Structures are given as C-alpha cells and as structure tokens.
Amino acid sequence: MVKIELTKNSGSFQKLKMTGHAESGDFGQDLVCAALTGIISGALNAYDLEFKNQTNLFVGDNEIVIEVLDLTNHDLQETFNFLVIQLKTIAIQYPKNVILKEVK
C-alpha cells in the first residue's frame, strides 16, 4: 500500500511524505503506482524549476518527501493544494492501494 502523509502548519501545507507500493498489479504493470508516479514526478519537477529555494525535495529508496520552507508563498500553497487534490483522487478511487492522511 502507498502511504501519503500530509503535514499542515496553521492551515498551510508544510510537508508531504509518500512511501510504499500500491501492489495493484505486477511490477512494471501497476497502474495505480504509474498514476501516482506521474503525478508526484510532475510535482517534483515543477517545484525544482519554480520553487527551488522555497522547498526541500527528497527522493530516496521507496520514499519521496516534499517540504515547504516558505509557508507564506501563496503560489506554492496553491500548487501544493493542486497536488493534494490529484493524490486524493487516486486514493479515493483505489482505497485498498493508497491511503492519504493528515498527520501532526
């Protein structure tokens, strides 16, 4: 199962951590993982290009972390919200494979 944890600070997105594997199909054939990978890869590229100094990005073995350094950047918060909506859409469609929760 893919686990997505969201952290907010005073109503602003501060961090997203994604770990795991959807296990909805064979390796290389898993459409849920492919969807999540496409969404998160696009977000990582956008943050690296547009918000390089306002974010920390980490891609490790089975872990991706996006940390917002500037919680007051409205554009950054809006793009983060867009990312969360996309990830929630997949989590709603595939609840056996993806869990998205807000943590403190």
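The values are calculated or read from the model by the stated rules, or taken from the named source; none is laboratory data. Nothing here was measured: the structure is a model prediction, and the numbers come from that model. Ideal geometry is used to build each Cβ from the backbone, glycine not excepted, and the neighbour counts take in all protein chains shown.
A few remarks follow.
- Within the range 1-34, the set of residues being modelled with pLDDT of 95 or more and not polar (S, T, N, Q) comprises V2, K3, I4, E5, L6, K8, F13, K15, L16, K17, M18.
- The single residue among A22, A43 that is under 10 Å from the mean Cα position of the chain (by Cα) and among the aliphatic types (A, V, I, L, M) turns out to be A43.
- Residue pairs whose Cβ atoms lie under 7 Å apart, separated by 6 or more positions or on different chains, with the first residue in the range 3-31 and without any contact (Cβ under 8 Å) to a residue 40 or more places away in the chain and the second of a type in the set (S, T, Y), are D30/S24; L31/S24.
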